[in-house]
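Step one of this worksheet: look at the structure below.
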Amino acid sequence: MQPVTCNLQPVTCNPRSGIIRVSYLHHMNIFITGASRGLGRAIAEKFASEGHQLYLSARNKQLLETAADEIKRKWPAVKVKFQGADISEKEEALQLGDWLLQQKINIDVVVNNAGSFIPGSVHNEPDGALEKMVAVNLYSAYHLTRKILPAMINQGSGHIFNVCSIASLKAYENGGAYSISKFALLGFTRNLREEMKEHNIKVTAILPGAAYTDSWAASGINPQRIMEATDIAELVYSATQLSPQACVEEIIVRPQLGDL
């Protein structure tokens, strides 16, 4: 079991009540895939802003390095380590897991956020779309999680977030293989939740509707019509702040005006 790093904040006193309080901040270790942009980047920045240590991954190594450098400049006290990997490939997913285990840390939070979208319908989408979507949206989380789970079970704690989608719950036009893969990811998440109860590891499915990220920038959609990436980041962070005996199993969040 790895030691827990704590930062003891100064003693504070309320001059009116005379109550003395000492605050304890547990610096968590946060592992995020798909962290170079979009939801992953927003989630990384939220945890960094709260003083937690980051271990980041993404397929595009150049974008990942840029994101890591910008986060370090903004929050210089935060440790930021990163490793590029295409975790739709099983071997790269396993190698990424090895890299994380080699850090010799408590794995406090895992955010399986890596994902991709190919538009189309089952009857006319490109051949191979299903295989690609399942590899990126399901197998990446499955293989990586399996690799690091023994360490998390040994430490007896941790919280795993799988970033699913509203498409995990409801079929929609032009969803095709993407929706199928996200349904499967939700199934994996629910199964994992049941398995990890006895090991004191929390598991949460994030099911967001449309949130404004780079993929929406060229769509012409009014950013005010859909959610902000920071909305999802705030929800993920909040779910980590509950008591040890509480687990948010699923977070469903949509734009105020509903799905597009």
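For the chain, take the longest principal axis of its alpha carbons; what is the angle in degrees between that and the long axis of helix 229-239, to the nearest 10 within 0 to 90?
Helix 229-239 sits roughly 50 degrees off the main axis of the chain.
Using alpha carbons only, how many degrees (0 to 90, rounded to 10) separate the axis of helix 176-196 from the longest principal axis of the chain?
Compared with the principal axis, the helix lies near 40 degrees.
Aspartates and glutamates within cross-link reach of K197: Cα-Cα under 17 Å, excluding same-chain residues under 8 positions apart?
D108, E249, E250
Sort the range 37-253 into rounded, prolate or oblate with this rule: let a ≥ b ≥ c be the square roots of the eigenvalues of the Cα gyration tensor; rounded if a/c is under 1.5, and if a/c is not under 1.5, prolate when a/b is larger than b/c, oblate otherwise.
rounded
Count charges around P255 for me, please; just the other residues with Cβ under 13 Å from its Cβ, Lys/Arg as +1, Asp/Glu as -1.
Value of the local net charge: -1.
For the range 21-92, what log10 I(q)/I(0) values come out of the Debye formula at q = 0.14, 0.17, 0.25 1/Å, with one point per alpha carbon and no solvent?
Taken in order of the listed q values, log10 I(q)/I(0) reads -0.41, -0.57, -1.07.
Sort V163, V110 so the one with the fewest other Cβ atoms within 10 Å of its own Cβ comes first.
Ranked by crowding around the Cβ, least crowded first: V110, V163.
Got a sec? How would C164, C247 order by Cβ neighbour count within 10 Å, fewest to most?
Result, fewest neighbours first: C247, C164.
Helix 90-101 sits at what angle to the longest principal axis of the chain, using alpha carbons and giving 0 to 90 degrees rounded to 10?
Approximately 0 degrees, to the nearest ten.
Please list, or write none, the lysines whose alpha carbon is within less than 24 Å of the alpha carbon of K74, excluding same-chain residues fewer than 8 places away.
Partners within reach: K46, K61.
I need the shape label for the range 167-260. Rule: rounded when a/c is under 1.5, else prolate if a/b > b/c, else oblate, with a, b, c from the alpha carbon gyration tensor.
Oblate shape, in that a/c is at least 1.5 and b/c is the bigger or equal ratio.
Can you give the longest run of the chain that contains no GluC sites (Glu not before Pro) sitting in a DSSP loop with at most 13 other Cβ atoms inside 10 Å?
Free of exposed loop sites, the longest segment is 1-172.
May I ask you to sort L63, L56 by Cβ crowding, counting other Cβ atoms within 10 Å and putting the fewest first?
With the fewest neighbours first, L63, L56 line up as L63, L56.
Where the centre of each part is set by its Cα atoms, how far does the range 92-153 sit from the range 160-213, in angstrom?
The range 92-153 and the range 160-213 have Cα centres separated by 12 Å.
The numbers here are math on the coordinates, done by the rules we state, and not lab data. Keep in mind that what you see is a predicted model, and the values were worked out from it rather than measured. Glycine gets a Cβ as well: all are built from the backbone with ideal geometry, and neighbour counts include every protein chain shown.
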